[in-house]
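Notes for the one structure printed next.
The values are calculated or read from the model by the stated rules, or taken from the named source; none is laboratory data. In this text the structure is predicted, and so the values were computed from the model without any measurement. Reconstructed Cβ throughout: ideal geometry from the backbone, glycine too, with neighbour counts over all protein chains shown.
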Amino acid sequence: MQSNHTSVRSRWGEKPYYSLDYYLKETFGQKVYKIALDAGMTCPNRDGTLDTRGCIFCSEGGSGDFATTNRSITAAIDEAICRLNGSAKETGQKYIAYFQSFSNTYAPIDILRPMYLEALAHPDIVGLSIATRPDCFSPEIFSLLDECRQIKPIWIELGLQTAHEHTARFIRRGYPLHVFEQTAHTLHTLNIPVIVT
């Protein structure tokens, strides 16, 4: 019987590798493409709460330099789908709304809820991927994410960059390791997958 997993050979031997691409094809029956969205967020490392310079690895666009911006999430998704359909990429007909630019849990609930729910309501969107910092959460945000995951799958792309405190200070990350660990643990208890960046 042929395995559906890709094998990766390393000095420790051959290990199965279950890629996100394969998981999405297996789950949704076709290739799924991430649509990068700029929802107009900022970051505590840029707005003066912690600093104004940002982390040294983050671009002017908050690592979302190619994200689609628009007056509404639906319009941004439609614009990105139209652009992808006009390219040579094999994208299928299903997409993940990827809130990429800056820290996408760094806003009041009355801004986040309609934004997330609008993306989840789009018929071509099969899930959300939300990039953010571990120090940009509250009990209300965890509750909102739990609500969203019951509609469609969601993933949190949680910035870590390093586990070493001296390197974290050098790159101006702005939070200690235990904050990351606590946030990742809380998301795990909610059955919300975490992608560490």
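Does Arg169 satisfy the criteria of being buried (at least 22 other Cβ atoms within 10 Å of the Cβ), among the charged types (D, E, K, R) and modelled with pLDDT under 95? So that I can check it myself, show each step before the final result.
Values: buried (at least 22 other Cβ atoms within 10 Å of the Cβ): no; among the charged types (D, E, K, R): yes; modelled with pLDDT under 95: yes.
Criteria not met by Arg169.
Tally time: how many residues in the stretch 104-124 are in contact (Cβ under 8 Å) with a residue 60 or more places away in the chain and over 23 Å from Leu160 (Cα atoms)?
Let us first name the residues in the stretch 104-124 that are in contact (Cβ under 8 Å) with a residue 60 or more places away in the chain, namely 104, 106-107, 115, 119.
Right, trim to over 23 Å from Leu160 (Cα atoms) and you get 115, 119.
Number satisfying all stated conditions: 2.
Before we move on, is Ile154 of a type in the set (Val, Ile, Thr), without any contact (Cβ under 8 Å) to a residue 40 or more places away in the chain, at negative phi and touching a strand residue (DSSP E or B) at 6+ places or on another chain (Cβ under 8 Å)? Give the steps one after another, and end with the answer.
Values: of a type in the set (Val, Ile, Thr): yes; without any contact (Cβ under 8 Å) to a residue 40 or more places away in the chain: yes; at negative phi: yes; touching a strand residue (DSSP E or B) at 6+ places or on another chain (Cβ under 8 Å): yes.
So Ile154 passes the test.
In the list Ile35, Ile77, which residue meets the criterion of being modelled with pLDDT of 65 or more, in a strand (DSSP E or B) and either β-branched (Val, Ile, Thr) or within 14 Å of Phe102 (Cα to Cα) (or both)?
Details: Ile77 fails: in a strand (DSSP E or B).
So the residue among Ile35, Ile77 that is modelled with pLDDT of 65 or more, in a strand (DSSP E or B) and either β-branched (Val, Ile, Thr) or within 14 Å of Phe102 (Cα to Cα) (or both) is Ile35.
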